[in-house]
Structures are given as C-alpha cells and as structure tokens.
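Chemist: Dropping a structure here in structure tokens format, bear with me for questions.
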C-alpha cells in the first residue's frame, strides 16, 4: 500500500525534518516496514553532503565478525576518498553502519560514486549540495530519532512509508530513491510500473546504473536523464504519463522544486493543500493535518495531473 508525503516552503525555511517526521508517522499504517526522507537544506559553498552506509541493519545480528567488517568497509571508503583527493570537512556517524560526510571535491562525481559502490557492502544513499537522503527500517519516529532529523532546517522534503510487496525489507529497497549519480534529485512513489524492466534495460543500454530492483528507482533515473537533457521538471512529469505504464502517483524533488504526477487511471490516492507560503501533499489528509491542525481546505488532484512548485 505504502504512503508518500511532500512539502515545500515557498518563502523561506522551516523545520522540514520535524514536519516530515510528523507527516510520515501519521501514515505509519500504510507502511510499517521502513521509512525514508529526502530533505533539502541550505547548500554549502563548493560542498556536497555524502550519505552512505556499509551494511544493512539486519546484518548486525549475524555475529561479532560483522562489526569488524563494518569498520573495515568504512576504512576502505575513507582510504578511497583520500586517494582521489576528496577533502572531508566533517564526519558524522548516524548509526554503526550509516555515515554523513561533508566533502569538497572537484573531480568527476560519477566516477567517485562508482568507486565507492564497488567497495563490498558500501551503498551511497545520496550525494548532494542541498539533498540529504535518509532511510532505514522502522517507523518515522524511530528513523528520525536515529538520524537526528527532528530539527533539520530546510526548504522542502519528501518521504515514504513502505509496505514491502515485491522486494526485500532492507535499506536498499526502501524509498526515497536518489537518482544515481545525479545531484539533488529524489523520488517517492506509490504504485506499480508494469513496463519497468523494458524501460530499465533501455536506460542501462544508454549508460545508466541502477542500484536496486525496485521499480520506483526507475522514476528517479528517468527524471534525472530528462533534466540532464535540458527538459524541464514539468515536461518530464508530463512525458512520464505517456511513456511509463502502470498505476502510479509520485513526487520528485530537485534542489529548488517539488513536483507531482498521477497516471491516467489516478487509482493511487493523493491529497493536496496549497497556500502562498506552503504546499503539502500526502496519500491521506491525516498526514497534512499532522502539521496543519487548524481548518484547511484540501483537494484530490485529477487523473494525469502534473504540478510543480518552486522553493
């Protein structure tokens, strides 16, 4: 079933980490397996934030050896960053297996991402000037507390509560998806893409790389490729309705935009609140009311509806 949510402040910043936590916690019943956040903060000058993990949460129960392996994997990442000339300005350890690095690097970011992911057990969650992507097993409160998101200041965010149906319950299969290796693009999705493998093979033949077998990742890569070609986010969303088969509602974020699209049948729910300073969307109105408890007017977007808002 899954639940998705998004919000964007159009006249400044707010505690989007705390707001998204409240929205996703209200959607817990739609997806208890894992929770994910894509939050957008103030870009650092000539900096990127690298979020990565070197193990899955469930690996911790396999015995003493895994804890040593985690240390060795992180050491490999650190050695690689030093080797290629990445300047690590700040290191933070969110969990035993997940890390946040503020880095400065003037080289090819795709090559860097490829080399990090070639390390056994290492997976990049995101690299971005503004974007930070966090996802793990558990509900929104558990994940938010674990990663210190409750006071994250930023302009916009999207999030996802997942009920696993076709893939494993692990971090790799959780949403949101970062558009590997593109900067600051993330997607959350509720639905099913029926021509996933056909479109994935087409994108892979053109040189794109996928890090999971989840159909939602296709939307992230598809969007990133379009934006790289100079296509606007709004036009990419409209193209997706024609080119992607299935039943879907999805949200896309870039450095300064939040977009949504619904397929032709509009079977997957979405509720929208829009004001001059704030836009909030969610699979159910209860999530919007978690951050806007006063009287508000919402509506359900129509079939094939596409909207884009700027921060």
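Chemist: With springs only between Cα atoms under 10 Å, which of 95, 35, 254 fluctuates most in a Gaussian network model of the chain?
Modeler: 95
Chemist: Also, I was wondering about something else. Find the Cα radius of gyration of the chain, compare it with 2.2 N^0.38 Å by division, and give the number to two decimals.
Modeler: Compared with the compact-globule rule of thumb, the chain sits at 0.94.
Chemist: Relative to the longest principal Cα axis of the chain, at what angle does helix 215-228 sit, 0 to 90 degrees, rounded to 10?
Modeler: 90 degrees
Chemist: Given the options 218, 60, 50, state which has the largest fluctuation in a GNM of the chain using a 10 Å cut-off (strictly under) for Cα springs.
Modeler: Among 218, 60, 50, the largest mean-square fluctuation in the Gaussian network model of the chain belongs to 60.
Chemist: Looking at segment 167-282 from every direction and averaging, what is the projected area of its Cα convex hull in nm²?
Modeler: Quarter of the Cα hull surface area: 7.5 nm².
Chemist: Sum -39500 (n - 2.57) across every DSSP H segment of at least 4 residues in the chain, then divide by the residue count to get the 222 nm mean residue ellipticity, nearest 500.
Modeler: Roughly -8500 deg cm²/dmol at 222 nm, from the helical runs in the chain.
Chemist: Next question, about the same structure. Tell me, what is a quarter of the convex hull surface for the C-alpha atoms of segment 1-134, in nm² with one decimal?
Modeler: Result: 9.7 nm².
Chemist: Calculate, in nm to one decimal, what residue 300 and residue 242 gain on full extension: separation in residues at 0.36 nm each, minus their alpha carbon distance.
Modeler: Extending this stretch completely gives an extra 18.8 nm.
Chemist: From largest to smallest, what semi-axes in whole angstrom does segment 29-68 give when each is the square root of 5 times an eigenvalue of its alpha carbon gyration tensor?
Modeler: For segment 29-68, the ellipsoid semi-axes come out as 29, 20, 4 Å.
Chemist: Let me ask you something else. Taking the beta-carbon count within 10 Å as an exposure proxy, list 84, 225, 252 from fewest neighbours to most.
Modeler: Least to most surrounded, the residues fall as 84, 225, 252.
Chemist: Same structure again: Could you give the length gained on full extension between residue 88 and residue 235, defined as 0.36 nm per residue of separation minus the Cα-Cα distance, in nm? Don't jump to the answer; show the numbers that get you there.
Modeler: Numbers: separation 147, 0.36 × 147 = 52.92 nm, distance 3.70 nm.
Additional length available on full extension: 49.2 nm.
Chemist: Could you give the angle, 0 to 90 degrees to the nearest 10, between helix 64-84's Cα long axis and the longest principal axis of the Cα atoms of the chain?
Modeler: Roughly 90 degrees, rounded to the nearest 10.
Chemist: On to the next question. If you rank 231, 158, 244 by fewest surrounding Cβ atoms within 10 Å, what's the result?
Modeler: Working: 231 15, 158 31, 244 21.
Exposure proxy ranking, most exposed first: 231, 244, 158.
Chemist: Which value, in nm² and rounded to one decimal, describes the direction-averaged projected area of the C-alpha convex hull of segment 211-256?
Modeler: On the way: hull surface 14.7 nm².
Averaged projected area of segment 211-256's Cα convex hull equals 3.7 nm².
Chemist: Identify which of 154, 207, 138 has the largest mean-square fluctuation in a Gaussian network model of the chain, with springs joining Cα atoms closer than 10 Å.
Modeler: With Cα springs under 10 Å in the chain, the top fluctuation among 154, 207, 138 is at 207.
Chemist: Now, a different point. For segment 255-311 and segment 26-66, what is the separation of their Cα centres, given in Å?
Modeler: Here the answer is 25 Å between Cα centres.
Chemist: To the nearest 0.05, how large is the calculated FRET efficiency for residue 209 and residue 255 if R₀ is 30 Å and r is the Cβ-Cβ distance?
Modeler: Rounded to the nearest 0.05, the efficiency is 0.90.
Chemist: In vacuum, with every alpha carbon of segment 98-221 counted as one equal point scatterer, what does the Debye formula give for log10 I(q)/I(0) at q = 0.19 Å⁻¹? Two decimals, please.
Modeler: Taken in order of the listed q values, log10 I(q)/I(0) reads -1.23.
Chemist: Right, next: What's the extension gain from residue 153 to residue 141 if we count 0.36 nm per residue and subtract their Cα-Cα distance?
Modeler: That works out to 2.6 nm of additional length.
Chemist: Relative to the longest principal axis of the C-alpha atoms of the chain, give the angle of the C-alpha long axis of helix 196-205, reported between 0 and 90° and rounded to the nearest 10°.
Modeler: Tilt relative to the chain: about 50 degrees.
Chemist: Using the beta-carbon distance between residue 62 and residue 267 and R0 = 45 Å, what value does 1/(1 + (r/R0)^6) give for FRET efficiency, to the nearest 0.05? It would help to have the intermediate numbers written out before the result.
Modeler: Values: r = 40 Å, r/R0 = 0.89.
According to the calculation, E is roughly 0.65.
Chemist: List the extent of the Cα atoms of segment 1-56 along each of their three principal axes, largest first, rounded to whole Å.
Modeler: 40, 36, 15
Coordinate-derived values only; no laboratory data. All of these numbers come straight from a predicted model, not from anything done at the bench. Because the Cβ atoms are built from the backbone with ideal geometry, glycine has one as well, and the counts that use them run over all protein chains shown.
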